[in-house]
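Student: My structure is below; once you've seen it, I'll send some questions.
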Amino acid sequence: MKKILGTAVLAGTVISGAAWAQDVTLNIESWRNDDIAVWQDTLIPAFEAANPGIKVTFSPTAPADYNAVLNSKLDAGSAGDLITCRPFDASLELYDKGQLADLTSLASMANFSDVAKSAWQTDDGAATFCVPMASVIHGFLYNADAFAELGIEPPATEAEFYAALDKIKADGTYVPMAMGTVDQWEAATMGYQNIGPNYWKGEEGRKALIEGTQKLTDEPWVAPFTQLAKWKDYLGDGFEAQTYPDSQNLFTLGRAAVYPTGSWEIGVFNPQVSFKMGAFSPPVQNAGDECYISDHTDIALGMNAKTAHPEEAKKLLEWVGSPEFATLYANALPGFFSLNSTPVEMEDPVAREFVSWREKCKPTIRSTYQILSRGTPNLENETWNASANVIRGTETPEAAAQRLQEGLASWYEPQKAK
């Protein structure tokens, strides 16, 4: 009897031990609070169904707060198991501090090109520390019903752009354009970085800034600020107190006709809008000019180097690198364009419009993301503030550019006065 009881107790211990060993919950840190439903309803169930015993939670932070909150959590040892990675310098810094694990050996890395991986690698390309997920393309969303009602065609040039805004403003039914300046990043990411590549000629200007052969006070870099200063007249009353969610609501409720933004909003807006939505690329200065778009390697997923569950985290990361994930993600989040080498057929017409610009325009990435925001003052964050100030009219385009140039030159050797 004792032997039977002992065997039963031992079996119970083994069974409960096995259950306990499988009872692992992985937590994902992210700035994409708009993606909660996609992860909870589509992505996590697909992964958990194939990986019993591993549970996943998605815990986003507001976009503007993410970097600071994540850094604090990592320093305190309280960050999640998986870290959603911004491209280039912000994530490279975490890797250099030993906070992101080296994922070079993951089998799924073979599913990505060198270009796709470059945003999450060391400068020499020797280590890759995040699994690429998607790129986003900057541009303008518009209320196609409002445009049809007012007899407006999507603008292709600067002159057509302002003519359209003037017509919308004169009619008075809609706020011409939805943008606020409270959150600051909105003004830079959806304003300056949206239209800027057409002035600094995409990669040509971005690389010249890194090499030190162009300065932020040169005309191609001041010109986008000059354009932002003109936007003030089209943003409606109280834009100075308007937050990013306020801008989103203004557009989705049909009260604003144009929304400077990027493809990342498509999936968020689709279930909210009651009108037909369209998109147009950043207007060029003159008809026939070469066009440039910010086709930005935007988002990836890495592993907290101090996770208590590295093997389970790697299982999730291998899946994130798979064609199955690419298809689920790109169609659940139209406007986030897969970086996986396996082609993904997209169903959404507005997403297809954005991605069609790759066929006619030269791609680049956001100018502040690689190398130029490694020092203090941080050029990315300073550009947020400068863009918001210029739109508000509290800083001139020239003064904003001068301040950014002085800040960059104070620590970045190629930009120091020779």
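Student: If you find the alpha carbon centre of segment 290-317 and of segment 179-239, how far apart are they in angstrom?
Tutor: 27
Student: Please list 30-42, 82-94 highest first by mean number of surrounding beta-carbon atoms within 10 Å per residue.
Tutor: Those peptides, ordered most packed to least, come out 82-94, 30-42.
Student: Would you mind checking the pairs Lys167/Lys362; Lys314/Lys362; Lys117/Lys360; Lys73/Lys362; Lys55/Lys117 and listing those with alpha carbons more than 32 angstrom apart?
Tutor: Long pairs (Cα-Cα over 32 Å): Lys314/Lys362; Lys73/Lys362.
Student: Additional query: State to the nearest 20 debye the size of the charge dipole of the chain about its Cα centre, where the only charges are +1 on K and R beta carbons and -1 on D and E beta carbons.
Tutor: 880
Student: Next up: For Lys215, which lysines qualify as cross-link partners when the Cα separation must be under 20 Å and same-chain residues fewer than eight apart are set aside?
Tutor: Lys201, Lys207, Lys416, Lys418
Student: With a 1.4 Å probe and all protein chains left in place, how much of the accessible area of the chain comes from carbon and sulfur atoms, in whole percent?
Tutor: So the carbon and sulfur contribution to the accessible surface is 53 percent.
Student: Helix by helix through the chain, keep the DSSP H runs that span 24 Å or more along the axis on Cα and average at least -0.5 on Kyte-Doolittle, and give those back in order.
Tutor: Within the chain the helices that satisfy the rule are 2-22.
Student: Suppose the chain between Thr42 and Ala76 were pulled fully straight at 0.36 nm per residue; how much longer would it get relative to their current alpha carbon spacing?
Tutor: Extra length available between Thr42 and Ala76 comes to 9.1 nm.
Student: For segment 305-411, build the charge dipole from Cβ charges (+1 Lys, Arg; -1 Asp, Glu) around the Cα centre, then report which of Val355, Ile365, Ala386 sits farthest towards its positive end.
Tutor: Ala386
Student: Report the relative contact order of segment 208-295, percent, no decimals, based on alpha-carbon pairs under 8 angstrom and at least 6 residues apart.
Tutor: In percent, rounded to a whole number, it is 15.
Student: Let me ask another. Output the relative contact order of the chain, whole-number percent, from Cα pairs under 8 angstrom with separation of 6+ residues.
Tutor: Averaging sequence separation for qualifying contacts and normalising by length gives 24 percent for the chain.
Student: Hey, what's segment 251-297 come to in accessible area per residue, 1.4 Å probe, Å²?
Tutor: Spelled out: the 1.4 Å probe surface of segment 251-297, per residue, equals 34 Å².
Student: Order the peptides 72-79, 394-401 from the highest to the lowest mean number of other Cβ atoms within 10 Å of their residues.
Tutor: The packing order, highest mean first, is 394-401, 72-79.
Student: Which residue, chosen from Ser338, Leu301, Ser322, occupies the Cα position most advanced towards the positive end of the dipole of segment 277-380, where the dipole is computed from +1 (Lys, Arg) and -1 (Asp, Glu) charges on Cβ about the Cα centre?
Tutor: Value computed over the given set: Leu301.
The values are calculated or read from the model by the stated rules, or taken from the named source; none is laboratory data. Source: prediction; values computed, not measured. Please note: Cβ atoms are built from the backbone with ideal geometry, for glycine as well, and neighbour counts cover all protein chains shown. Calculation scope for accessible area: heavy atoms of the full protein, side chains included, ligands and nucleic acids excluded. Shrake-Rupley method; radii C 1.70, N 1.55, O 1.52, S 1.80 Å.
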